[in-house]
Amino acid sequence: MRSSGNKPDIDKNTEKKGGKGKLNFFLVFLVCWLVVITGIIAWFLLRFNDFAGKYESQYQDSLPYHTAELITQRFNEHDVGYILENMTQKPQISAFEDESVIEDYVRSLIVEKSFIYSETENSTESAPEYYIKTDDGLIVARVGLAEEKISNLPYGFKSWKEGSLEFYTDPVYEAKITAPETFRIYVNGIELTKKEYSEPVIESELNQYVEPYATVPGTASYLVKGLYKEPEVTAKDFRGNSCDCVYDENTGSYSVGFVKDFDEYDELSEFAISFASTFANFVSCDTKENALDKYFPSKSKTLSYIKNSRSVYTKHGNVSIHNEEIRDCIVYSEDVVYMEVFVEQWMEMYWGSDEPEVLPTDAHVYFVKIDGKWYVGGIKY
């Protein structure tokens, strides 16, 4: 009875020991499984982080502003050659300048300046576009980027290259010139022609004093536009001699006037003073009726007018001519010259002071040459 009562106790102990063994095996399995899963997750996370890093790096490298930065750097290096070589549309150079002027012009716009870039209002993801401008906001260029087909980046990202470069090179200079139509005008050493006329030649109003014996040259107006540099304007007169070309800052134009000297100046001056002296004595009735005839062409209307206007003069004594002077001379052509001639006629009067009466004559005379000889063509009163 006692021994049969002890047996069940032995079985219970045995069951307890068997259950404890099963529990330890499961825990070992669970730990191993967790380690493996954790390792897989860690490996995956490491690979993912590596992928994400490379992806982010490639994405950043694909952004178009990097290309814009490189182009802007060329501007900051003042690389004129790069700008000229990559301009989409080259500047139109007139016949009066050459490419060196464009190079100097571009250099003047970028030298001693620093540049930044900014996206334009027309920029898109598929067609990025940037302004290149000075750090104070002056826009000097527009750059359009294009996809670089042969060197796309991993993950389908695009790489970019310069597609277009529009550099703002508007010409800012022009040459407006007025000159006698018989003169030769040059801009930067190149002679102008009628193609550069800005309007028809204006006929001279002075022809009324020299017709029908000669013609005063008209005024030609020239206009040369599209210049990138302030022009050098020079002129030669009808004889081929260099003459003055004056620039007026108020009107922004050049003017060329007639010359003041010529080879026959002394000869014509003597003739002019002789005429003015004779004219003064003719008016005072101290010469013969035909005293002026030798100074005028035959059938001169001016001479007829002078003779018809002669009237009786106050009685007086002797007259003499003093202080002869040529006050002005303008050479219009080989056969037309203007002179302002001044003489004083001293006249003894029968009344008043013992000092002579001084009568000035200031004659504005247009001389014409006919068959190699000078005559009075007309007088401007």
So Asn207 passes all but one of these: (1) within 17 Å of Tyr338 (Cβ to Cβ); (2) open to solvent by 10 Å² or more (accessible area, probe 1.4 Å); (3) not aromatic (Phe, Trp, Tyr). Which condition number does it fail? (2)
Output for Cβ contacts, cut-off 6 Å, separation at least six or different chains, first residue free of Cβ contacts under 8 Å to residues at least 60 places away in the same chain and within 15 Å of Phe167 (Cα to Cα) in the stretch 109-123, second open to solvent by 80 Å² or more (accessible area, probe 1.4 Å) and assigned to a loop (DSSP other than H, G, I, E, B), reads Ile116/Asp135
Reported set for the stretch 233-261 where residues are closer than 16 Å to Asp335 by Cα and buried (at least 16 other Cβ atoms within 10 Å of the Cβ) is Asp237, Phe238, Phe258, Val259
Of (1) modelled with pLDDT under 95; (2) touching a Phe, Trp or Tyr at 6+ places or on another chain (Cβ under 9 Å); (3) assigned to a helix (DSSP H, G or I), Asn308 satisfies every one except (2)
Considering every residue within the stretch 135-157, establish whether at least one is open to solvent by less than 20 Å² (accessible area, probe 1.4 Å) and under 22 Å from the mean Cα position of the chain (by Cα). yes
Give the residue that is most open to solvent (accessible area, probe 1.4 Å), with candidates limited to residues of the stretch 279-293 that are touching a strand residue (DSSP E or B) at 6+ places or on another chain (Cβ under 9 Å) and not in a loop (DSSP other than H, G, I, E, B). Val283
Within the stretch 135-215, considering only strands (runs of 3 or more DSSP E) that don't extend past its boundaries, which have at least 3 residues that are closer than 24 Å to Ser333 by Cβ? 173-180, 184-187, 197-202
Matching residues in the stretch 284-321 - criterion: being touching a residue at least 40 places away in the same chain (Cβ under 8 Å) and farther than 24 Å from Lys369 by Cβ: Ser284, His316, Ile321
In this structure, does Glu97 turn out to be modelled with pLDDT of 85 or more, buried (at least 18 other Cβ atoms within 10 Å of the Cβ) and of a type in the set (Asp, Glu)? yes
Here are Tyr105, Tyr117: which of them is open to solvent by less than 80 Å² (accessible area, probe 1.4 Å), closer than 24 Å to Gly137 by Cα, in contact with a helix residue (DSSP H, G or I) (Cβ under 6 Å, 6 or more places away or on another chain) and at pLDDT 85 or above? Tyr117
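For (1) in contact (Cβ under 8 Å) with a residue 60 or more places away in the chain; (2) closer than 22 Å to Tyr305 by Cα; (3) open to solvent by 40 Å² or more (accessible area, probe 1.4 Å), each residue gets a yes or a no:
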| position | (1), (2), (3) |
| --- | --- |
| Ile330 | yes, no, no |
| Glu334 | yes, no, yes |
| Glu340 | no, yes, no |
| Ala363 | yes, yes, no |
| Gly372 | no, no, yes |
| Tyr375 | yes, yes, yes |
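The values are calculated or read from the model by the stated rules, or taken from the named source; none is laboratory data. Because the structure is predicted, anything quoted here is derived from the model rather than measured. Glycine also receives a Cβ, built like all others from the backbone with ideal geometry; neighbour counts cover every protein chain displayed. Heavy atoms of the whole protein, side chains included, go into the accessibility calculation; ligands, DNA and RNA do not. Shrake-Rupley method; radii C 1.70, N 1.55, O 1.52, S 1.80 Å.
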